[in-house]
Amino acid sequence: CTRDRCQRLDLSGNTRNWFLTGSPDFYRNVIGKGLRCLLNVPSTEVYKNAHHSLGRFYFQSSWPLREKITSLQISPVGQLPCHFSAWNIQIIRSFRTSPPFQAAPVPLFWIIVKPAQKLFAIILGRSIRNWWKALPPNKRELLKESARKNKWKILLGVSSLGVLFVVFYFTHLEETPITGRARLLVFGKEHFRELSQMEYDMWMEEFKSKMLPETDARYQVVERVVGHLSESNKDIPQVSALKWAIHVVDEPGVNAFVLPNGQVFVFTGLLNAVSDIHQLSFILGHEIAHAVLEHAAEKASLVHFLDFLSLIFLTMIWAICPRDSLAVVGQWIQSKLQEFMFDRPYSRTLEAEADKVGLQFAAKACVDVRASSVFWQQMELAETIQGQPKLPEWLSTHPSHENRAEHLDRLIPEALKIRESCNCPSLSGPDPRLIFKLSMQHLLESSKDQETPNSTKRDLSKPKLDFPHT
């Protein structure tokens, strides 16, 4: 890094402190207030003496967005205004920074051919089953005896087919940019240019009436954050090769994604969900990492390879099962095994890699990388507040919020070294992770204090967060 590339961002020229406070009324009325607070935030002071309420969360902020943005500063503990936080629990449920449909588009020709191949495998397997049923018993015995006599030839043929798949796999291995991880890559960038443009046209048509103008303060924030991230990492060829274009969609969903051609889409729901500019920078760095690491082409390549292998098993299922109904069940079981044993774990691996590289991008941009794990802890808390059931991680295409925060905590020391090597200004003030931890302790204590006498029968070894209904 150079000092120029890792220069501090200046958002408004003046640093001011803002504090996010939580109360019962806050949790009742938080929905829809984030955006208004983003544009109109009064100055407040630290509330040192906590009332007997649900708790108060202290964060610092360095920028009101109503003012015209002329430059962008990421201060050591810079934060967004009050209710601009992850507590927007109405929309938290749908949050995915990389939805499967956006994160892994497949080549257009494969979209058309894939169903036809499956249909061919089903017809072939069913035809083999009907042919076998129609054979006289004596011919069946002759075929079985012939198979026993030529079992080594049959085994050799099957092994040769397996060797071809292995050779194909290892001859199409490439190194992932930046991380150097070996991966299967059947489709190159050229296969995704046309599809990326088609997908871009589709999103633009869908959101054409919801696009924020370039004069909007929220658009300018996203534009400057993406611009600073790309400028700070321009020494990476894959970053400098893409032309980044910003699109901010006025939608409540907590979402952001980047197409393989560098088209960045950010929903205003995400802007309402982050607590500060450091969290926003990390999330956008994560999405940029997906495009830079070519995860779309990689995921499509894996799907292509596995689907081709599954055609053999699909044919066998329809040939062996005595009835069509059993064959349908067998096909469903096969698809679920492939999904939960290969597809979803691989998606979680790509998400973890994007977190790692996105954190490095943010570090080189002088972002307070410690805020990255706080974001996922806030997401975890928001789901707890809403009372959402926690599904096992193996059921999801993304790591759980808790595991994601722990993974980032392990990566933060290395990211801080990268940040220091880029001559970034030293971080001052308390660690945001410590602030969040203390806030959670106070929240638990406050919730205990508010327990009524009728709640004494409750198991005190497992404190319950008694939040107001939202």
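The values are calculated or read from the model by the stated rules, or taken from the named source; none is laboratory data. Computed from a predicted structure; not experimentally measured. Glycine gets a Cβ as well: all are built from the backbone with ideal geometry, and neighbour counts include every protein chain shown. What goes into the accessible areas is simple: the full protein's heavy atoms, side chains included, and nothing from ligands, DNA or RNA. Shrake-Rupley method; radii C 1.70, N 1.55, O 1.52, S 1.80 Å.
Values as computed for the structure displayed
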quantity: Residue 464, sole failed condition from (1) at pLDDT below 90; (2) open to solvent by less than 60 Å² (accessible area, probe 1.4 Å); calculated: (2)
quantity: Residues satisfying the stated conditions in segment 211-226, i.e. within 27 Å of residue 376 (Cβ to Cβ) and either exposed (fewer than 15 other Cβ atoms within 10 Å of the Cβ) or of a type outside the set (Gly, Ala, Ser) (or both); calculated: 212, 218, 219, 220, 221, 222, 223, 224, 225, 226
quantity: Subset of segment 238-257 [open to solvent by 10 Å² or more (accessible area, probe 1.4 Å) and free of Cβ contacts under 8 Å to residues at least 60 places away in the same chain]; calculated: 240, 241, 242, 243, 244, 245, 246, 247, 250, 251
quantity: Every residue from segment 170-179 that is within 21 Å of the chain's Cα centre (by Cα) and either open to solvent by 70 Å² or more (accessible area, probe 1.4 Å) or farther than 15 Å from residue 296 by Cα (or both); calculated: 178, 179
quantity: Residue 282 being among the hydrophobic types (A, V, I, L, M, F, W, C) and over 30 Å from residue 170 (Cβ atoms); calculated: yes
quantity: Members of segment 187-202 that are open to solvent by 30 Å² or more (accessible area, probe 1.4 Å) and part of a helix (DSSP H, G or I); calculated: 190, 191, 193, 194, 197, 198, 200, 201, 202
quantity: Residue that is assigned to a helix (DSSP H, G or I), open to solvent by 100 Å² or more (accessible area, probe 1.4 Å) and of a type outside the set (Phe, Trp, Tyr), where the choices are 118, 139; calculated: 139
quantity: Residue among 296, 300 that is over 15 Å from residue 114 (Cβ atoms) and open to solvent by less than 20 Å² (accessible area, probe 1.4 Å); calculated: 296
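One line per residue, one yes/no per condition, for (1) in a helix (DSSP H, G or I); (2) over 13 Å from the mean Cα position of the chain (by Cα); (3) at pLDDT 95 or above:
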residue	(1), (2), (3)
353	yes, no, yes
356	yes, no, yes
359	yes, yes, yes
376	yes, no, no
379	yes, no, no
385	yes, yes, no
389	no, yes, no
402	yes, yes, no
408	yes, yes, yes
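Rundown of residues vs (1) hydroxyl-bearing (Ser, Thr, Tyr); (2) touching an Asp or Glu at 6+ places or on another chain (Cβ under 7 Å); (3) under 25 Å from residue 180 (Cα atoms), yes/no style:
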| position | (1), (2), (3) |
| --- | --- |
| 206 | no, no, no |
| 215 | yes, no, no |
| 236 | no, no, yes |
| 251 | no, no, no |
| 256 | no, yes, no |
| 261 | no, no, yes |
| 274 | no, no, no |
| 279 | no, no, no |
